[in-house]
1. Expressed in whole Å with the largest first, what are the equivalent ellipsoid semi-axes of segment 170-288 derived from the C-alpha gyration tensor as the square root of 5 times each eigenvalue?
2. Going down the list Lys99/Lys134; Lys104/Lys245; Lys123/Lys338, which pairs span over 30 Å between their C-alpha atoms?
3. Using every alpha carbon pair in segment 173-240, what percent of pairs falls into each 10 Å bin from 0 up to the bin containing the largest distance?
4. Can you give the relative contact order of segment 183-252 as a percent, counting alpha carbon pairs under 8 Å and 6+ residues apart?
5. What does the C-alpha gyration tensor say about the overall shape of segment 270-400? Classify as rounded when a/c is under 1.5, otherwise prolate if a/b is larger than b/c, or oblate.
6. With labels modelled as points extended 7 Å from the Cα through the Cβ direction, what inter-label distance (nm, one decimal) is found for His105 paired with Glu260?
7. Please report, for the Cα atoms of segment 368-454, the Rg to one decimal and the Dmax as a whole number; what are they, in angstrom?
8. In Å, the Kirkwood hydrodynamic radius of segment 336-396 over pairs of distinct alpha carbons?
Amino acid sequence: MALNISGAPHTMSEVSIGRKKEKCENCTKQCNKKQSEEGINSLQEKGVATGEVKESTSVQQVLLSACLSCDGCVSEDEGQRISQQNLEEINHVLALNKKCDTSKHKILVVSVCPQSLPFFAIKFQLDVPAAAKKLCGFLKRVGVHYVFDTTVAASFSILESQKEFVQRYRRKHHDSNAMPMFTSSCPGWIRYAERVLGSLVTPHICTAKSPQQIMGSLVKDFFARQQKLTPDQIFHVVVAPCFDKKLEAVREEFYKSILETRDVDCVLTSGEILHLMEQSKVTVEEVDSAPLDHVFGETADPDMTRHEGRGSEGFLEHIFKHAAKELFGLDVQEIVYKTLRNRDFQEVALERDGETLLQFAAVYGFRNIQTLVHRMRNGKVPYQLVEVLSCPGGCLSGRGQAEGEGGRPDRTLVQQMEEHYSSLPVRLPATNPEVQRLYQDWLDGHDSPHAQQCLHTQYKNSTQPPSQILNSDIQW
């Protein structure tokens, strides 16, 4: 069976925007920067996100990564770093590893997000576990040494988010920034919160690192020591459904200046990996299946599991059930969502004897995010927690794998991916023995300084006051 690749693959999430109406699909903002000739030239000079901002006589190519967090947020230095995150970079590492000068050799590690695996399952016409083994077999065929699943890192992120929510809830009466808590796993949302919303929102963002960056810490810290390597001897690639993950990987706090290495050296989208397979002229049948690796170096084939929720690691559902038990002694077996504006703006509530104890919301897509922000400014946010994702439909709908004709999500593909993802068995993060073992062997306990360093981060305030930014020329 030949690989099923529909349409020409993008080098990045390029969104065609005419000069007169330069508006990206998911991000409905318009700004003077894009409307002016000066802004267009600036984007060309920066080569935002790939260094390949293309020009034609009628259409300007602008990258979604630049638009999602617009208003000039991608600096020249960031644009340069992001431009290195492409297939050429991984091919460069593979080429160096074939040369005689072993001082330049790198151990190549690839970590695959669970939301990417349903994409490969559909393209390979296999179930998710079989597709994961085929993907692992292909990556090792081209020279990758280790292939991990990032579900273990997501488990850490969920557990730390659960714990932080309970701590925030208990101090809500004497800390005005404790509630609501916003989830921190989506880099598009984080970028927008830092650069546009500033201090209105950033103190409310959960400090737990995203699964991607926890995986970066796990690979460059624990796994490196297990293999008797220094972090700079490992080249760590993450396969993700979303282009904004590239922006996250180049954040300053995830760079080790002494060793000149990042926790995640390169992010490639699912579509880019599929393009790599196409370039290799290999069919699925020709690829030998190989089990994914364990960070402990064990040889047993790891089980493929998922977390609860709609396909984006289920932070809301896990935190909701944990908080209900921890704060109110209630066991919640099933969560019932109430749809508000649309399927991407839903809420859940915990009630007892007619009293609402907890009220959470899932808010996906920037139009819904803006509605939430306006409510927050007016003091009308009743929620204690909001799971925020920049992509409508959540992570499975990321443009790195779900983009269809005209830049819009391929609804049929997204539905198929949701079905494949939901077919995996659910395992609670707290019941994962590998996670509990890593808390001890890697982090020296749940609340150690090392755990704080590896599992948490901080978010920056904007230099402009929130009211000034929100009243600017941005339109939604």
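1. Working: eigenvalues 221, 77, 33 Å².
In descending order, the three semi-axes are 33, 20, 13 Å.
2. Working: Lys99/Lys134 27 Å; Lys104/Lys245 27 Å; Lys123/Lys338 33 Å.
Violating the 30 Å limit, Cα to Cα: Lys123/Lys338.
3. Once binned at 10 Å, the Cα pair distances of segment 173-240 give 19, 35, 24, 18, 4.
4. On the way: 35 pairs, mean separation 24.4, N = 70.
This gives 35 percent for segment 183-252.
5. Working: a/c = 3.48, a/b = 1.70, b/c = 2.05.
Oblate, because a/c is 1.5 or more while a/b does not exceed b/c.
6. With each label placed 7 Å out from Cα toward Cβ, I get 2.1 nm.
7. 19.0, 50
8. 12.0 Å
The values are calculated or read from the model by the stated rules, or taken from the named source; none is laboratory data. Please read these numbers as outputs of a predicted model, since none were measured by experiment. Because the Cβ atoms are built from the backbone with ideal geometry, glycine has one as well, and the counts that use them run over all protein chains shown. The protein model used for the area step is the full one, side chains on, heavy atoms only, and it has no ligands, DNA or RNA in it. Shrake-Rupley method; radii C 1.70, N 1.55, O 1.52, S 1.80 Å.
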